[in-house]
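The values are calculated or read from the model by the stated rules, or taken from the named source; none is laboratory data. Everything numeric here is computed off the predicted structure, so don't read it as measured data. Ideal geometry is used to build each Cβ from the backbone, glycine not excepted, and the neighbour counts take in all protein chains shown. These accessible areas exclude ligands, DNA and RNA; they are computed on the full protein's heavy atoms, side chains included. Shrake-Rupley method; radii C 1.70, N 1.55, O 1.52, S 1.80 Å.
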Amino acid sequence: MDRITVSGVTLEIERGDIAAQDDIQAVVNAANAQLKTGGGVAGAIHRAAGPGLTEETRPLAPISPGEAVITGGHNLPNEYVIHCLGPVYGRDKPEDELLANCYKNALKRAEEEDVESIAFPAISTGAFGYPTEAAARVALSTIQEEAEHLESVNTIRFVLFGEDDYNIHQKVMEEIFE
Ligand code: AR6
């Protein structure tokens with residue numbers, strides 16, 4: 001199973017690059033507190049968006065774990081980028097609550113701008129060390145809770161880089177939504 005409808009919202013899981021989602025209105029960045037370019041997702045997003053993105057994020061930084069801010073997409077194929085700071089696993093606690101806040105606040109920012117489609121990477125599971133399966137449970141159960149309250153958002157896509165990450169998300173989606 002890689003697609004399901006929950007409370008009228010389509011939830012999809014795909015393998016791919018978060019910086020190449022050309023049919024999605026808002027992409028989510030797994031940001032750093034300074035909202036600058038970096039490794040992983042932040043590097044891919046800032047490279048594809050160009051220097052205008054860093055200019056726009058500079059006055060919005062720093063942000064704290066769980067927080068989300070929205071900017072334009074600049075040279076990305078998306079209208080918006082929503083920048084979320086995930087918890088560093090083992091340092092920022094309680095990590096499950098902070099990670100859930102990322103997803104809740106990203107959806108809040110999206111709804112404020114009447115966004116219909118949003119794509120998430122697996123926040124905190126790279127440089128920040130959050131075990132993928134535990135993070136997928138937090139992410140997908142938060143989406144399950146939030147779905148019935150969404151008004152503008154009708155498509156939520158998880159974009160996973162690696163095959164293992166994709167398989168883990170697929171398994172967790174089946175467990176949560178079956
Ligand atoms: N598209 C989709 N997923 C990706 C991509 C991509 N282009 N690149 C990596 N991933 P990470 P974090 C996966 O490290 O853990 C940055 O340096 C990756 O395999 O990007 O929240 C920032 O500057 C992993 O599964 O985000 C911060 O300092 C997931 O995306 C810090 O890392 C998240 O990995 C944030 O760490």
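Below is a table of values for the structure above.
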{"item": "Qualifying residue in the range 132-146 (condition: more than 21 Å from residue 23 (Cβ to Cβ), touching a Cys at 6+ places or on another chain (Cβ under 8 Å) and open to solvent by 10 Å² or more (accessible area, probe 1.4 Å))", "result": "no"}
{"item": "Residue 99, sole failed condition from (1) within 11 Å of the ligand (Cβ to nearest atom); (2) of a type in the set (A, V, I, L, M); (3) more than 26 Å from residue 60 (Cβ to Cβ)", "result": "(3)"}
{"item": "Residues satisfying the stated conditions in the range 79-89, i.e. within 13 Å of residue 120 (Cα to Cα) and within 14 Å of the ligand (Cβ to nearest atom)", "result": "81, 82, 83, 84, 85, 86"}
{"item": "Matching residues, the range 142-173, being more than 15 Å from the ligand (Cβ to nearest atom) and farther than 21 Å from residue 115 by Cα", "result": "171, 173"}
{"item": "Spans of helices (runs of 4 or more DSSP H) in the range 89-178 with at least 3 residues under 28 Å from residue 72 (Cα atoms) and at pLDDT below 95", "result": "none"}
{"item": "The range 36-51 residues that are over 16 Å from residue 22 (Cα atoms) and basic (Lys, Arg), paired with ones that are within 8 Å of the ligand (Cβ to nearest atom) and in a helix (DSSP H, G or I) (beta carbon under 9 Å, 6 or more apart)", "result": "36/42"}
{"item": "Residue check for residue 95: open to solvent by 30 Å² or more (accessible area, probe 1.4 Å) and in contact with a strand residue (DSSP E or B) (Cβ under 9 Å, 6 or more places away or on another chain)", "result": "no"}
{"item": "Checklist (1) surrounded by fewer than 20 Cβ atoms within 10 Å (Cβ to Cβ); (2) at positive phi; (3) not acidic (Asp, Glu) applied to residue 6, failing item", "result": "(2)"}
{"item": "Residue that is most open to solvent (accessible area, probe 1.4 Å), among those in the range 36-60 that are near the ligand (Cβ under 9 Å from one of its atoms) and not in a helix (DSSP H, G or I)", "result": "36"}
